[in-house]
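Only the coordinates and a few stated rules stand behind these numbers; no lab work does. Being a predicted model, the structure only gives us computed values, none of them experimental. Every residue, glycine among them, receives a Cβ derived from its backbone with ideal geometry; neighbour counts consider all protein chains shown.
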Amino acid sequence: MEEIKTLIQAASGAMSGAYAPYSGFQVGAALLTRDGRIYTGCNIENAAYTPTNCAERTAFFKALSEGERDFEAICIIGGTHGCATDYTAPCGVCRQVMMEFCNPETFRIILAIDAEQYREFTLRELLPLGFGPENLR
């Protein structure tokens, strides 16, 4: 429970760094490694939209660029102009990135509004028929 609150706080803090001048929808993510390190990310929009990067992928790419490969959980919080009012689930592209690097049975995805309001899922629950590295072996 304390671990979840720490992740929610980190994701909420990351949300404030979002660059979302077009949608106004800010998202923060906090990615937990098995050894207890936390990598944060925020969404970064682009006028062309396609180059936009989600908070979840920002956190993953930061961690991966530092050599991390063993992930336990991610917390996502988002809302219009930085005010979370509902749960913000990862998009399909982010779920696919998670599938590449995480065990779908054990990797936890925490969707939060605040420290008291959150829901927890496994990657398998949010991507039931995901395509990952195991499919290519």
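Results, tabulated for the structure shown:
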{"read-out": "Highest-fluctuation residue, 55, 20, 47 considered, GNM on the chain with Cα pairs under 10 Å", "value": "47"}
{"read-out": "Largest to smallest principal axis extent of the C-alpha atoms in the range 82-123, angstrom", "value": "30, 19, 10"}
{"read-out": "Where chymotrypsin sites (Phe, Trp or Tyr not before Pro) fall in DSSP loop in the range 17-92, at most 14 other Cβ within 10 Å", "value": "22, 49"}
{"read-out": "Simple Cβ-charge dipole of the chain, Lys/Arg +1 and Asp/Glu -1, about Cα centre, in debye nearest 20", "value": "260"}
{"read-out": "Convex hull of the chain built on C-alpha atoms - directionally averaged projected area, nm²", "value": "8.2"}
{"read-out": "Those trypsin sites (Lys or Arg not before Pro) in the range 1-103 that DSSP places in a loop and that have at most 16 other beta carbons within 10 Å", "value": "34, 37, 69"}
